[in-house]
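A short worksheet on the structure shown next.
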Amino acid sequence: MDNAIFSKIDQITQRILGGGEMTAEEGRWMIRLDDDYLPWLMAGADRIRKTFRGNEIEVCAIANVRSGNCSENCSFCAQSGHHKTAAPAYDYIPATDLVAQAQQAREWGASDFGVVSKGWGVRSDKESAQLEEYFAAMDAGSDIGRCASLGALTQESAQKLKALGMENYHHNLECAESFFDQVCTTHTYQDNIDTINNARAAGLRVCAGGILGMGESLDQRIEMAETLRQLDVESVPLNFLAPVVGTPMGNRTPMTPHEILRAIASYRYMLPRAEIRIAGGRQFLGDMQSMIFMAGASGVMIGNYLTTQGRSVDDDLKMIRDLKLEVRGDTQQRRAQQNKAAAAV
Ligand code: SF4
């Protein structure tokens, strides 16, 4: 092992802790480091996470309110109407089901709950009316943070969502711009960037990340991180491709645990202040799942994902608490109870 490499990791760590940045060139170096240096890298990423994100882990959950037969051709996606997969296809679920799922997520300790619909934006009055019904039902039935992921947003639709009480908007870049033509050809990378900018301009908190392990190069993983940094994205979900039979990416080899942890750590160094939340593909970490936090992750999606089953929620929450980290939703509920008790005195 080379002491110069340990020193360089330390120098970059100190620079970031002092308020500086890691360059994209350093990111490309970091994401290639040999497995021998991973524990050292994770120790630095853990310090950066604790410094900028504290000891709380943000937990969120999603509901897939409409699934399948999507007009877009995203190569990884089980829901695309361009591929033949076994993913379920259904129209909007009843609002009562959505609220029940939101309440369940709140009980688990989730601070945010995402309404996710396949497709590319809210295009018809029927879709718009359905969303209004959902948001009104959630207002009445749960105090959980509201998040939506509905595809492309115009300035007008972003403002409308904000007016309906939406707080966060999720829209992934999916990958680096230089790889996007291998992922989707029915919309453009610029469409994704415009959506992020429109959401932010409407006052929505932006959650945008992507999927690693789709066949992109290591440089392209850092390229996406650099774009997210330039867009000043607050919350970055990272997924790791779970190849779906019937999609063009169905025969990809999943990332190894070391590769996943090195990618998470590199993202923490590139985006020291961002919420980095780990979503789909965590299963490829095997017994190393709890290491995502030591690698710099500050959030995790619990429950089921769009078309795949997640790990048991009890196991996830136990994992966080065993690490002596706090679930942010628990902290919020405790503060709310303390405030209520203080107000009653
Ligand atoms: S990722 Fe979204 S837009 Fe792309 S095919 Fe799947 S559901 Fe459609």
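The values are calculated or read from the model by the stated rules, or taken from the named source; none is laboratory data. In this text, all values refer to a predicted model and were calculated from it rather than measured experimentally. Side chains are part of the model used for accessible areas, which takes the heavy atoms of the whole protein and leaves out ligands, DNA and RNA. Shrake-Rupley method; radii C 1.70, N 1.55, O 1.52, S 1.80 Å.
Does the chain come out rounded, prolate or oblate by the C-alpha gyration tensor, with a ≥ b ≥ c the root eigenvalues, rounded set by a/c under 1.5 and, if not, prolate when a/b is larger than b/c and oblate if not? Mind showing how you got there, number by number?
On the way: a/c = 1.64, a/b = 1.21, b/c = 1.36.
Oblate.
Would you mind telling me the share, in percent, of accessible area of region 67-222 contributed by carbon and sulfur at probe 1.4 angstrom?
Taking all protein chains in place, region 67-222 shows 48 percent carbon and sulfur surface.
Averaged per residue, what accessible area in Å² does the chain show with a 1.4 Å probe, protein chains only? The partial results should precede the final answer.
Details: 14900 Å² over 345 residues.
Per-residue accessible area for the chain comes out at 43 Å².
Run the helix sum for the chain: -39,500 (n - 2.57) per DSSP H stretch of 4+ residues, divided by residue count, reported at 222 nm to the nearest 500 deg cm²/dmol. Write out the running numbers ahead of the final one.
On the way: 12 runs with 149 residues, N = 345.
Helix-only estimate at 222 nm: -13500 deg cm²/dmol.
Any idea what % of Cα-Cα pairs in region 235-314 are farther than 14 Å?
On the way: 1950 of 3160 pairs.
Summing the P(r) tail past 14 Å for region 235-314 gives 62 percent.
When only C-alpha pairs under 8 Å and at least 6 residues apart count, what is the relative contact order of region 22-339, in percent?
On the way: 608 pairs, mean separation 79.7, N = 318.
Value for region 22-339: 25 percent.
Is the shape of region 157-218 best called rounded, prolate or oblate, per the rule: a/c under 1.5 gives rounded, else a/b larger than b/c gives prolate, else oblate, with a ≥ b ≥ c the square roots of the Cα gyration tensor eigenvalues? Walk me through the numbers on the way to the answer.
Values: a/c = 3.26, a/b = 2.25, b/c = 1.45.
Prolate, since a/c reaches 1.5 and a/b exceeds b/c.
Between region 204-254 and region 124-145, what is the C-alpha centre distance in whole Å?
With region 204-254 and region 124-145 each reduced to a Cα centre, they are spaced 29 Å.
How many percent of DSSP beta bridges within region 22-339 run antiparallel, rounded to 5? Provide the component values of the computation, followed by the final result.
Working: 1 of 34 bridges.
Of all bridge pairs located within region 22-339, approximately 5 percent are antiparallel.
Reachable lysines from residue 324, Cα under 23 Å, same-chain residues fewer than 8 places away excluded?
50
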